[in-house]
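What follows is a single structure, written as structure tokens, with notes after it.
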Amino acid sequence: MRRREGFTIIELLIVMIVIGVLAAIGVLRYIDVRNHAVASGIVSELNVIRLAAYNYWADNESFPPDAPAGVNPPSLDPYLRSGFSFTRLHHTFDWEQSAGGGGAMQAGVIVTTNSPALMSVLARRASGGLPYFVLGNTLTFVIVGPDGNM
């Protein structure tokens, strides 16, 4: 009896299924790694904004005034690196400042994203840094004044 060369349809199907499962796992892992990288970048950008706000405070003894979402506060621009933008591909920043009770100044940076997975990763990444709270697809970081008051 002569043996046929080649693969049977069952063998080909099994190989295709295994490759499909491995590809699906790889794509999901890629998305997770990308979200972690974007969240790390957001936390880094938040630190840049925080330091710029403290430098502004040191010069003016107040935080910069409000700016619309996605727009750099004009008074904060000299303290940010050249080309820094509050509008990014995966998220936007919104600078909020108001006078609190007792003359205290309150400031915050709101991060908005349309990706719930990115928001979840960002909340976990930021848990060791600035005080924050999550509401829907926004995450608000509170910037504590240099005197320790919020």
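Exposure proxy shown here: for 110, 17, 49, the number of other Cβ atoms within 10 Å sets the order, fewest to most, as 17, 110, 49. Which one, 60, 49, 7, projects farthest toward the positive side of the charge dipole computed for the stretch 1-70 from Cβ point charges (K/R +1, D/E -1)? Working it through, the farthest residue towards the positive pole turns out to be 7. Shape summary of the chain, radius of gyration then Dmax from alpha carbon positions: 23.9, 97 Å. Cβ crowding within 10 Å ranks 8, 112 as 8, 112, fewest other Cβ atoms first. Taking every alpha-carbon pair under 8 Å whose residues sit at least 6 apart, the chain reaches a relative contact order of 19 percent. Projecting each Cα onto the charge dipole of the chain (Lys/Arg +1, Asp/Glu -1 at the beta carbon, about the Cα centre), which of 108, 138, 21 comes out farthest on the positive side? Working it through, the farthest residue towards the positive pole turns out to be 21. The residues neighbouring residue 66, those whose beta-carbon lies less than 12 Å from its own, together hold a net charge of -2 under the Lys/Arg +1, Asp/Glu -1 convention.
Residues whose amide H lies under 5 Å from that of residue 72, counting only those 5 or more places away or on a different chain, are 86; hydrogens are built 1.01 Å from N in the peptide plane. Taking every DSSP helix (H) stretch of at least 4 residues in the chain, weighting each as -39,500 (n - 2.57) and dividing the sum by the residue count yields a mean residue ellipticity at 222 nm of -15000 deg cm²/dmol.
Each Lys or Arg adds one and each Asp or Glu subtracts one; over the other residues with Cβ under 14 Å from the Cβ of residue 97, this totals -3. The charge dipole of the chain, taken about its Cα centre with unit charges on the Cβ of Lys, Arg, Asp and Glu (plus for the first two, minus for the last two), comes to roughly 1080 debye.
In plain terms, the residue of 57, 95 with the fewest other Cβ atoms within 10 Å comes first and the most crowded comes last, giving 57, 95.
Extending 7 Å from Cα along the Cβ direction at residue 11 and again at residue 142 yields two label points whose distance is 6.7 nm.
A Förster radius of 22 Å combined with the Cβ-Cβ distance from residue 77 to residue 110 puts the calculated FRET efficiency at roughly 0.75.
If you build a Gaussian network model of the chain, linking Cα atoms that sit under 10 Å apart, which residue out of 48, 121, 18 swings the most? The residue that fluctuates most here is 18. Karplus-based coupling profile of the stretch 78-90, in residue order and whole Hz: x, 9, 9, 5, 4, x, 5, 10, 7, 10, 10, 5, 9, with θ = phi - 60° in 6.51 cos²θ - 1.76 cosθ + 1.60 and x standing for Gly or Pro.
Coordinate-derived values only; no laboratory data. This is a predicted model, so every value here is computed, not measured. In this analysis, Cβ positions are derived from the backbone assuming ideal geometry, glycine residues included, and neighbour counts consider all displayed protein chains.
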